[in-house]
Amino acid sequence: MARIRRGAGVDDARPALVWFRHDLRLADNPALLAAIATGRPVLPVHVMEPPGTQGLAPGAAARWWLHGSLAALGQDLAAHGAPLLLLEGRAADVLPDLARRTGAASIHWNRCYEPAAIARDTALKASLRAMGLDVSSHNAALLFEPWIIRTGQDQPFKVFSPFWRACLAQGEPLAPLPAPRRINGFRDAPAGSTLADLRLLPVAPDWAAGLREAWSPGERAARARLARFLEDGLAGYAELRDRPDLPGSSRLSPHLHFGEIGPRQVWHAVRGWTLATGEEAGAEAFLRELGWREFSHHLLHQFPELPERSFRPEFDQFPWAADEALLIAWQRGRTGYPLVDAGMRELWRTGWMHNRVRMIAASFLVKHLLQPWLAGAAWFMDTLVDADLANNSAGWQWVAGSGADAAPYFRVFNPVLQGERFDPDGNYVRRFVPELAALPASHIHKPWTAPPSMLAECGIRLGHHYPAPIVPLEAGRQRALSAYRSMTRESA
């Protein structure tokens, strides 16, 4: 139950509540601006719900990010005249109680599209309206609403390319809304929790040093990262986005997930850059990636079982060979394949992994190791700072071959060839697998092929300093294809 005291709500100063969720920003925040437009004093609130209340509980890395994001939002709101109220408990209980205690006239929020959140918000909207409150919800998270983008037969899209054409046919997304200059805050806000009370940070042990080194949560940091990307990264994005050894990606995904910046802001900033520079290749490639994010969220809204069941039902019969030892080796970056291990160690250290390497690491788990995609998805949800249910579920199912518009199951990424192509000098591996740093580029992605004299000179003993491969590549590939053929025969 929320820890609050009774407010003195006066009829002529009844507040407008703003419920912050995955929209932790002031700019382009339609719910906040709608509350301000009522002319009433504004009371911003964030509710920390018990684990599992909204379905899958946020992972440890996401909780670390949320702490920083709430701290930044709280500072920004206070500077604008409306401090953020932090409450704990089920939103279904906390918000009606807060409305009664403050005499609130209205409540405003930006929509969430996850199945548990939709169910909660629908019921809450009805109960608050029954209390006499004005309730309004808005879109701050997507370029287009999921019920707008439909096929000619009024069905949801299941393939990305026609989906993206339909999005582009809608015309430019709405221009982003400006941040308010000043907010008339509610002066009789009840007492709430402190940020420390939410217990979002790791304590014993404090494993977040790598996250603190790599990231700065918050709206200002999000805008700064976008500005740096436009200046230094967008022009070469189409050519460099698959290179984990180079700073070719935007690294905006956690900022987008927590709503510290919105997709409309990113879209129009990229369009403005194109108009200013006349360059289009990098911009179009990047906006297409924004489209994949959109596609994933639309899929989750239309197919709410996406995080739990294979989108293609025949994959329910897939003969996975669950093995805890193999899963742990993959999680710890001890598979014996340097590119996979570098990615998994980057994830553990920084809470993030380059997108190309995510696909390679995921393919290795579900195909070479035959581990269920659900196990990989769960690990990513716990360790990613950008752990997003829609993106994560759609991405894992795409790699596994079980999803919408999925890669064919027989497309099995070879981590050696992928490393030689996308980390040609081995610098990415050297950064995250330092025990191999002395190897030349010709052997760093396949250290088992190095002559014994070279390994000795580099101070490497396979199986001691660095593991030998836990499965032969070709044998693992053939086992995966055999499992796929057995599934297709079973479902025929």
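The values are calculated or read from the model by the stated rules, or taken from the named source; none is laboratory data. Only a predicted model underlies this, so the values are computations on that prediction, with no experimental measurement involved. Cβ: placed from backbone, ideal geometry, glycine included. Neighbour counts: every protein chain shown.
The table below lists the values:
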{"quantity": "Within segment 423-455, tally of residues that are assigned to a helix (DSSP H, G or I) and under 27 Å from T350 (Cβ atoms)", "calculated": "13"}
{"quantity": "Filter result (part of a loop (DSSP other than H, G, I, E, B) and within 20 Å of L174 (Cβ to Cβ)) within segment 25-48", "calculated": "R25, L26, A27, D28, N29"}
{"quantity": "Residue ranges of helices (runs of 4 or more DSSP H) in segment 114-230 with at least 1 members surrounded by 18 or more Cβ atoms within 10 Å (Cβ to Cβ) and not assigned by TED's automatic domain parsing to the domain that holds P15", "calculated": "160-169, 209-214"}
{"quantity": "Among the candidates A390, A394, A407, residue that is modelled with pLDDT under 95, of a type outside the set (D, E) and under 23 Å from the mean Cα position of the chain (by Cα)", "calculated": "A407"}
{"quantity": "Failed criterion for S296 (all others in (1) within 17 Å of R225 (Cα to Cα); (2) buried (at least 20 other Cβ atoms within 10 Å of the Cβ) hold)", "calculated": "(1)"}
{"quantity": "Check on G403, of a type outside the set (V, I, T), out of contact with any Ser or Thr (no Cβ under 7 Å at 6 or more places or on another chain) and touching a residue at least 40 places away in the same chain (Cβ under 8 Å)", "calculated": "yes"}
{"quantity": "Test set (1) surrounded by fewer than 24 Cβ atoms within 10 Å (Cβ to Cβ); (2) at positive phi - E420 fails condition number", "calculated": "(2)"}
{"quantity": "Residues that are surrounded by fewer than 23 Cβ atoms within 10 Å (Cβ to Cβ) and in contact with a Pro (Cβ under 7 Å, 6 or more places away or on another chain), drawn from segment 13-25", "calculated": "A13"}
{"quantity": "Selection count, segment 111-164, where residues are farther than 19 Å from A91 by Cβ and not hydroxyl-bearing (S, T, Y)", "calculated": "22"}
{"quantity": "Test: residue in segment 281-293 that is part of a helix (DSSP H, G or I), in contact with a Pro (Cβ under 9 Å, 6 or more places away or on another chain) and in the same structural domain as I148 (by TED's automatic domain parsing)", "calculated": "yes"}
